[in-house]
Every structure is written in structure tokens, then in C-alpha cells.
Amino acid sequence: MQTEITDVSPALNAPYDRLVIYLLRHGDAEPGDGDDAARRLTAKGEDQARAAGAALAALGARIDACLTSPRVRAAETARLACAVLGIEPESAAELSGGGFDALALSAGRGDALLVGHEPDFSAEVGRLTGANVKLKKGGLAVIDGSTLLALLRPRELAAIAAARN
């Protein structure tokens with residue numbers, strides 16, 4: 001005897017309200033000569049930042065907000081990547097160094113691009129997903145809930161960006 005299920009709870013049919021967090025490590029920066037927070041991107045770092053933004057656009061990422069470390073190299077990375085995405089970066093002191101909670105920081109903002117530093121970003125990927133990763137300068141991790149969807153190196157982001165053109 002087969003049983004047909006016809007009454008399914010509305011909660012099971014509700015659309016999935018996902019929250020995707022994109023963690024972008026700042027691009028290649030000048031060597032440190034004193035004030036670490038003032039280090040600027042190199043030409044390579046600027047290219048990495050632009051490629052990250054172009055790759056996100058090519059992949060159809062729908063980013064609602066961008067939060068960045070106030071350190072110059074991260075803020076420059078965010079500005080260049082977000083220019084392609086048509087969003088304005090917002091400075092967040094929580095991303096300037098040390099542990100942070102990406103979910104709390106992104107709460108109420110929709111899908112968010114966070115731009116910052118190592119080893120903090122790799123540690124946050126590990127905390128959220130259990131994955132043991134190391135983000136390269138200019139690299140990107142994409143997280144949906146507790147799932148690491150993608151871990152992209154700068155050269156992969158550049159290839160995605162180039163394929164868009």
C-alpha cells in the first residue's frame with residue numbers, strides 16, 4: 001500500500017533565506033617601514049583587487065554591503081573591488097586585526113563582502129565551516145552558513161575576471 005503525502009508544512013516550502021559571506025584578503029602591499037596600518041597596495045595588489053571585483057561580478061554575486069578594515073591596504077582593496085560591483089565600502093574597526101564574528105558583523109546587511117587580513121580571515125573560515133584554509137593575498141573565501149562554497153586564489157579570480165571580458 002502506497003501512501004501519498006499531500007499536506008506539507010508551509011515551513012518546509014518556505015524559500016531558503018541564505019546569507020552569503022565573502023571574505024577577501026587585501027591585495028599585495030608595500031613592505032612595512034614602521035606604520036603597518038599605512039601600508040598601501042602595490043600595482044600587483046591593485047590588479048588583484050580589481051580582478052576580485054570583476055570576478056565577483058562575472059559570477060553574479062549579489063553583494064549588499066562591503067565592510068573593510070580601516071588599514072589602508074584593505075580599504076584600497078575594498079574600494080577597487082567594490083567599484084566594479086557598484087557598492088560603497090564601509091569601514092569596520094572589527095576587521096583591523098584580531099578575531100571577529102563575520103555573522104554578527106554582517107547581521108542585517110544581506111550578503112556581505114568583508115575585506116581584511118590574515119590570519120584572522122582563515123581563522124574565521126575555520127570557525128564557521130571547520131575548514132583548514134589559508135587565504136592568499138588577494139584571495140577570496142565564499143561561505144554560505146557553515147559551508148565553504150569556494151576558496152579562490154588571486155590567479156583564479158583573475159582568470160574568471162578575464163573570461164568576463
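The values are calculated or read from the model by the stated rules, or taken from the named source; none is laboratory data. Values in this document were obtained by computation on a predicted structure and should not be read as measured data. Glycine also receives a Cβ, built like all others from the backbone with ideal geometry; neighbour counts cover every protein chain displayed.
The table below gives the values:
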{"read-out": "Residue within the range 5-15 that is at pLDDT 95 or above and either in a loop (DSSP other than H, G, I, E, B) or under 30 Å from Glu94 (Cβ atoms) (or both) present", "value": "no"}
{"read-out": "Scope the range 22-54; condition within 15 Å of Val115 (Cα to Cα) and of a type in the set (A, V, I, L, M); matching residues", "value": "Leu23, Leu24, Ala29, Ala37, Leu41, Ala49, Ala51, Ala52"}
{"read-out": "From the options Arg164, Arg155, Arg109, residue that is touching a residue at least 40 places away in the same chain (Cβ under 8 Å) and over 14 Å from the mean Cα position of the chain (by Cα)", "value": "Arg164"}
{"read-out": "Test: residue in the range 61-71 that is under 14 Å from Lys137 (Cβ atoms) and without any contact (Cβ under 8 Å) to a residue 60 or more places away in the chain", "value": "yes"}
{"read-out": "Matching residues in the range 72-108 - criterion: being closer than 19 Å to Ala141 by Cβ, of a type in the set (D, E, K, R) and surrounded by fewer than 16 Cβ atoms within 10 Å (Cβ to Cβ)", "value": "Asp101"}
